[in-house]
Amino acid sequence: MVNGADLQDVSNLHRMRFRLIVPVMVLLLAGCSTAIPDDATGEEVFVAVCARCHGTAANGDGIGPALNAGSEAADKDDEALLLTITRGRGRMPTFESRLTDDQISRVLDYLRELQAGE
């Protein structure tokens, strides 16, 4: 016979699974949107593929960290940021096969403009 405590444990397990599945699905869907035009500006690329996790102002208004002025990303050198964008890091997906080298460079330039307050 199932008692109330067992039902509560099952309910908690389902909630925990849901909390784990949702962020994974968001990350998977982030890589499934439409193609980005080759000539898209850094801001356009950022809005299309980065903003849903990092926020439209790169302020970390999502599941990703802030990338704007005063963030840890602002203190990193270009090589570290390029590697992170290209190969991913932690929960961040890789964009190596989704974005061209030029698009990645334009996103980095756009981030540096945001970080400089331009």
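Consider segment 99-114. How many of its residues are out of contact with any helix residue (DSSP H, G or I) (no Cβ under 7 Å at 6 or more places or on another chain), among the basic types (Lys, Arg) and in contact (Cβ under 8 Å) with a residue 60 or more places away in the chain?
Result for segment 99-114: 0.
Which of the residues spanning segment 81-112 are under 16 Å from Ile63 (Cβ atoms) and not hydrophobic (A, V, I, L, M, F, W, C)?
Within segment 81-112, Thr84, Gly88, Arg89, Gly90, Arg91, Pro93 meet the criteria.
Could you list all residues from segment 24-48 that are surrounded by 16 or more Cβ atoms within 10 Å (Cβ to Cβ) and either assigned to a loop (DSSP other than H, G, I, E, B) or at pLDDT 95 or above (or both)?
Ile36, Ala40, Gly42, Glu43, Glu44, Val45, Phe46, Ala48
Restricting attention to segment 58-91, and to residues there that are within 14 Å of the chain's Cα centre (by Cα) and in contact (Cβ under 8 Å) with a residue 40 or more places away in the chain, which single residue is surrounded by the most Cβ atoms within 10 Å (Cβ to Cβ)?
Leu67
Select from segment 57-75 the residues that are part of a loop (DSSP other than H, G, I, E, B) and closer than 14 Å to Val107 by Cβ and list them in ascending order.
Ala58, Gly64, Leu67, Asn68 - these are the residues of segment 57-75 that are part of a loop (DSSP other than H, G, I, E, B) and closer than 14 Å to Val107 by Cβ.
The values are calculated or read from the model by the stated rules, or taken from the named source; none is laboratory data. Bear in mind the structure is a predicted one, so any value in this text is a computation, not a measurement. Neighbour counts are summed over all protein chains in view; Cβ atoms, including those assigned to glycine, are modelled from backbone coordinates with ideal geometry.
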